[in-house]
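Quick notes on the structure that follows.
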Amino acid sequence: MIHTRRKSRAVTVGGLTVGGFAPITVQSMLNKLPDDVAGNVAQALALQDAGCQIVRVAVPDMPAVRLIGALKNAVSMPVVADIHFDYRLAIACAEAGADKIRLNPGNIGSSDRVKAVADACRVRGIPIRIGVNSGSLERSLLHKHGGATPEAMAESAMRHARLLERYDFNDIVISIKSSDVAKMICAYEHTAELCDYPLHLGVTEAGTYRMGVVKSSIGIGSLLQKGIGDTIRVSLTDDPVREIEAGRDILRALNLAGDCPQIISCPTCGRTKIDLIGAVNSVEKRLAGCKKAITVAVMGCAVNGPGEASAADVGIAGGDGCAVLFKKGEIVRKVPEDRIVDELMNEIERL
Ligand code: SF4
């Protein structure tokens, strides 16, 4: 059972609400070079098509600020400017139409600079994400806590937040990432108790696709299951489109993805006499854009199939060169193997 969701302050990012009890959003970050404007725009469009709801782009220098305008013109999702150290870049991105700024106010120098960024964002209704990373904690906190502990990470996030609060700025989102999954979970749990800011969940430097998805699913999934987290980013050393697919699948696995089908399928065994793996992959592809909150079962045999998938709204159970189609555990009719997927899809369309 999912715990009661933590009540966080609602923050507006472009036209999207993050926090409060708004649906959990899935985001990613572009990985093209900043001078490749066309490449960044094309990648952002691909991400949007894949279901990305917020896109972030690194802005390392002044020429890169033009990416904000180019992306805003091309996509309908909110665009976040990722800034390190230079407060002038943050102000320039706010002026260029960024919907959120990711920067750590403690890293940009004097309080005048923090005030200038807070003012530039406040007047435009732009939130700031504070992104604490276990690998770059302040030395004083490392010393105080004896290393990059979850408590040190949470304290760092709160320190950055206080700098903005001093200028009456509360449109804050916080992330506290670590590549250590257990540490990341503890750090978010700790931070969730210290403030009501919305939390952006992620395991940082999670690795290549396979291990990155496993780590992110455990880290992000454990927190969401406890009701913690308002927006998520799966970090993979891979095509960012795969981050979106993984993020959406994490939400789907926890029934947090809104209206979309759940597919259940058996692992196959010596009783399977049809190409079940091919069939379920085909069903998954054809259901990609489906907005029905239904459960579809694709099972290998009629002995256990309908019973094991009795909770499914519709499904098939394989026979010898054929399958039976069933609804809510009741057999409806028999279909030949080459018609299994089509007949199942027809039945789904009628639901
Ligand atoms: Fe084997 Fe049938 Fe179970 Fe699939 S549903 S694993 S074919 S027993």
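Criterion first (within 16 Å of the ligand (Cβ to nearest atom) and part of a loop (DSSP other than H, G, I, E, B)) does ALA311 satisfy it? Spell out how you get there, then give the answer.
On the way: within 16 Å of the ligand (Cβ to nearest atom): yes; part of a loop (DSSP other than H, G, I, E, B): yes.
Yes: the conditions hold for ALA311.
Of everything in the stretch 248-280, what is among the small types (Gly, Ala, Ser), without any contact (Cβ under 8 Å) to a residue 60 or more places away in the chain, within 16 Å of the ligand (Cβ to nearest atom) and not in a loop (DSSP other than H, G, I, E, B)? Give them in sequence order. First the steps, then the outcome.
So the first thing to find is which residues in the stretch 248-280 are among the small types (Gly, Ala, Ser), and the list is 253, 257-258, 265, 270, 278-279.
Applying the additional criterion that residues be without any contact (Cβ under 8 Å) to a residue 60 or more places away in the chain yields 253, 257, 265, 270, 278.
Now drop any that are not within 16 Å of the ligand (Cβ to nearest atom), which leaves 265, 270, 278.
Listed by number, the residues that qualify are SER265, GLY278.
It is to be established whether one or more residues within the stretch 194-203 are over 27 Å from LEU236 (Cα atoms) and of a type in the set (A, V, I, L, M). Steps first, please.
Filtering the stretch 194-203 for residues over 27 Å from LEU236 (Cα atoms) gives 194-196.
When the remaining residues are screened for being of a type in the set (A, V, I, L, M), the result is 194.
Yes, some residue in the stretch 194-203 is over 27 Å from LEU236 (Cα atoms) and of a type in the set (A, V, I, L, M).
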Quiz item: With respect to the numbered conditions (1) under 29 Å from THR149 (Cβ atoms); (2) in contact with a strand residue (DSSP E or B) (Cβ under 6 Å, 6 or more places away or on another chain); (3) at pLDDT 95 or above, which one is the sole condition not fulfilled by VAL117?
Solution: (2)
Self-check item: Pairs, first of a type in the set (Lys, Arg) in the stretch 150-164, second surrounded by fewer than 23 Cβ atoms within 10 Å (Cβ to Cβ), C-beta under 7 Å, six or more apart
Solution: ARG159/GLY106
Self-check item: helices (runs of 4 or more DSSP H) wholly inside the stretch 125-239 that include at least 1 residues being within 17 Å of LEU103 (Cβ to Cβ) and assigned by TED's automatic domain parsing to the domain that holds LEU103
Solution: 150-165
Exercise. Scan the stretch 315-328 and give yes if some residue there is in a strand (DSSP E or B), more than 16 Å from the ligand (Cβ to nearest atom) and farther than 30 Å from ARG248 by Cα, otherwise no.
Key: no
Practice problem: Please verify whether the stretch 172-187 includes one or more residues that are surrounded by fewer than 18 Cβ atoms within 10 Å (Cβ to Cβ), in contact (Cβ under 8 Å) with a residue 40 or more places away in the chain and within 30 Å of ALA120 (Cα to Cα). | Solution: no
Quiz item: Can you spot a residue in the stretch 299-314 that is hydrophobic (A, V, I, L, M, F, W, C), touching a residue at least 40 places away in the same chain (Cβ under 8 Å) and crowded, with 21+ Cβ neighbours inside 10 Å?
Solution: yes
Practice problem: Among what's in the stretch 281-291 and is loosely packed, with under 15 Cβ neighbours inside 10 Å and assigned to a loop (DSSP other than H, G, I, E, B), pick the residue that is nearest to the ligand (Cβ to nearest atom). | Solution: ALA288
Practice problem: For the stretch 315-339, name all the residues that are under 20 Å from ASP275 (Cα atoms), touching an Asp or Glu at 6+ places or on another chain (Cβ under 9 Å), hydrophobic (A, V, I, L, M, F, W, C) and open to solvent by 10 Å² or more (accessible area, probe 1.4 Å). | Solution: CYS322
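Results for (1) closer than 26 Å to ASP230 by Cα; (2) part of a helix (DSSP H, G or I); (3) in the same structural domain as PRO127 (by TED's automatic domain parsing), shown as yes or no for each residue.
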| position | (1), (2), (3) |
| --- | --- |
| VAL26 | yes, no, yes |
| LYS32 | no, no, yes |
| LEU45 | yes, yes, yes |
| LEU89 | no, yes, yes |
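The values are calculated or read from the model by the stated rules, or taken from the named source; none is laboratory data. All values derive from a computational prediction rather than experimental measurement. Please note: Cβ atoms are built from the backbone with ideal geometry, for glycine as well, and neighbour counts cover all protein chains shown. SASA here: full protein model, heavy atoms, side chains in, ligands and nucleic acids out. Shrake-Rupley method; radii C 1.70, N 1.55, O 1.52, S 1.80 Å.
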